[in-house]
Amino acid sequence: MTGQGSVHSSTGGQGYDLVVVANRLPVDFSVDDDGAVDWQRSPGGLVSALEPVMQENEGAWVGWSGAPDLAHEPFEADGMMLVPVTLSASEIRKYYEGFSNDTLWPLYHDVIAPPAYHRQWWDAYRRVNQRFAEAAAAQAAPGAVVWVHDYQLQLVPKMLRELRPDLRIGFFDHIPFPPVELFQQLPWRRNILEGLLGADLIGFQRGGDASNFVRAVRRLTDHPTRGSVVSMEDADGNPGRRVRAAAFPISIDTQRFDDLARSPEVQARAKEIRADLGDPDVVMLGVDRLDYTKGIRHRIKAYGEILQDGRIDAAHTTLVQVASPSRENVGAYQELREHVEILVGRLNGEFGEIGHSAIHYLHHSYPPEEMAALYLAADVMLVTSLRDGMNLVAKEYIAARSDLDGVLVLSEFTGAADELAPGPLLVNPHDIDGMKDTIVAAAHLDPKEKRRRMRRLRRKVMGDDVAKWSKSFLGVLTAMPSRDTHV
Ligand code: G6P
């Protein structure tokens, strides 16, 4: 990387050599009654994935503060320069809740919920992407590396290249890239592809996502492709820049979860959790953002039927479902919450007793220490997504289980399944009967088999942490031939 690690003043200086651009800053702002602005760390997979990289590189991070109309000067936090981008309340509605989370999110997740296509949302998406591109252009040093993240910012690579042709631009798509047969529903499909093609390197979670992207480019644009490389010919048909699409499966800070779970405090807390749950024989755990892609309803349905069938003893089994609040102004999320809460209430009414609940449903998010204790307390971890780019919870569970105890039940429709098979017990969450059989098998798994599987999972996960992921992406990005090299 060019001059990696040197940090200059964000105003008037040369700028930063590594700039991350993501929808959210890794902090949440709050404004109190007197108008004083404060910030706290914000949760989320992307944040925990990138923080170590940023601290190591002392880079700048361009992102939204999470609050409406909040204008804030760039500031330093935890070894990173944070550069807030302001969004108005109307932009939050149209760009974030609308186009990002009610158009692209469902479209990219196999249309599990119907995507809504609104031209006003698209206009806001374009406008906000331009603002992010301008903010990144203002922070980047000459020849800097800029790493743009996720579906909210797919137009930024092209916009940024137009502003700053000297930059080396990478893009990483954290969520699935859909098959062209679904992607082509999008009225602005070409604009999105051209936006992404402004990057030099486009990273995806799975090989399948990268090939879906290249197929879409082949089908919907005129750019020639060869394997995973797209040639950006100029208007006269002369060869120009080459864009590469490839898989870089993301991971977590594995050591952190391993350390946390080995700490006496967390181990004591895990015991306490089990005791507070009434020391059941089997504790099952689900940990998700409350999102319809996560298969929470399918999971609870399967669990309820198992109790109903008497295949596991309701009096001695508990499911703890952490469902962290997410995108609460989007209709599909509100509906999901209602459905899940009705299901939970019904099941607890039927199978609960005084002092014992069939499901402990927790609509909160928790700090990593508490998460590690929950992972340690859980005999069976249920990850049953209908579609999931990767699923970092599965990896956190594995990293926390140095005791080799615990079974991971994992949906085939996660990026993690591509990487981790055959260690987990794989399920198709649409096949309720199949999932019931697997959950029952997980609850009764032979201890030797349990250890064998967890050992295999840990061999995979512990060596592949997030630092390796970012190094490998940035390594490929910076090693690519310069844009002027015609091959
Ligand atoms: C997914 C996305 C991220 C997003 C996160 C939380 O992991 O890939 O880009 O930040 O969900 O969602 P939110 O809408 O709260 O940022």
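The values are calculated or read from the model by the stated rules, or taken from the named source; none is laboratory data. Note that this is a predicted model, so its numbers are computed, not measured. Every residue, glycine among them, receives a Cβ derived from its backbone with ideal geometry; neighbour counts consider all protein chains shown. Each accessible area value is taken on the protein alone, full model and side chains, heavy atoms only, with ligands, DNA and RNA left out. Shrake-Rupley method; radii C 1.70, N 1.55, O 1.52, S 1.80 Å.
If we sort 244-250, 322-328, 286-292 on the protection proxy, mean other Cβ atoms within 10 Å, highest first, what's the order?
Descending mean neighbour count gives 286-292, 244-250, 322-328.
Could you do me a favour and compute the accessible area per residue for the stretch 254-463, 1.4 Å probe, result in Å²?
Computed with neighbouring chains in place, this is 41 Å² per residue.
For Asp403 and Glu76, FRET efficiency with R0 = 45 Å and r from the beta-carbon atoms, rounded to 0.05?
Efficiency for this residue pair is about 0.70.
Using a 1.4 Å probe on the protein chains only, how many percent of the accessible area of the stretch 254-463 belongs to carbon and sulfur?
47
Please work out the ratio of the alpha-carbon Rg of the stretch 162-257 to 2.2 N^0.38 Å and round it to two decimals.
It is 1.16.
Check Val320: other-chain or 5+ apart residues with amide H under 5 Å from its amide H, H built from backbone geometry?
Met284, Leu285, Gly286, His360
For each pair in Lys94/Lys301; Lys395/Lys436; Lys271/Lys448; Lys94/Lys158, compute the distance between the two Cα atoms and list the pairs where it is over 25 Å.
Checking Cα-Cα distances, Lys94/Lys301 exceed 25 Å.
Where a ≥ b ≥ c are the square roots of the eigenvalues of the C-alpha gyration tensor, would you call the stretch 254-463 rounded, which needs a/c under 1.5, or, failing that, prolate if a/b is larger than b/c, or oblate?
Numbers: a/c = 1.29, a/b = 1.19, b/c = 1.08.
Here the stretch 254-463 falls in the rounded category.
How many nm is it between the label spots at Glu350 and Ala421, if each spot is 7 Å from the Cα in line with the beta carbon?
Those two pseudo-labels are separated by 3.1 nm.
Need the full-extension length gain, Asp69 to Arg456, defined as separation in residues times 0.36 nm minus the C-alpha distance. One decimal, nm.
Answer, rounded to one decimal: 134.5 nm.
Between Val229 and Asp259, what FRET efficiency comes out of the Förster formula 1/(1 + (r/R0)^6) with R0 = 30 Å and r the beta carbon distance, rounded to 0.05?
0.15
Considering Cα pairs under 8 angstrom that are at least six residues apart, work out the relative contact order of the stretch 290-374 and quote it in whole percent.
Taking the mean separation of contacting Cα pairs over the length of the stretch 290-374, I get 40 percent.
With unit charges on the beta carbon (Lys/Arg positive, Asp/Glu negative), name the residue among Pro165, Phe29, Leu408 whose Cα is farthest towards the positive pole of the charge dipole of the chain.
Toward the positive end, the furthest listed residue is Pro165.
So for the pair Asp279, Ala36, with labels modelled 7 Å out along Cα→Cβ, what separation do we get in nm?
Here the answer is 4.8 nm between the modelled labels.
Would you kindly work out the equivalent ellipsoid of the chain from its C-alpha gyration tensor and give its semi-axes, the square roots of five times the eigenvalues, largest first in whole Å?
Over the Cα atoms of the chain, the ellipsoid semi-axes are 39, 24, 23 Å.
Find how much the distance from Gln120 to Leu362 grows on full extension, using 0.36 nm per residue of separation minus their present alpha carbon separation; answer in nm with one decimal.
83.5 nm is the gain from fully extending Gln120 to Leu362.
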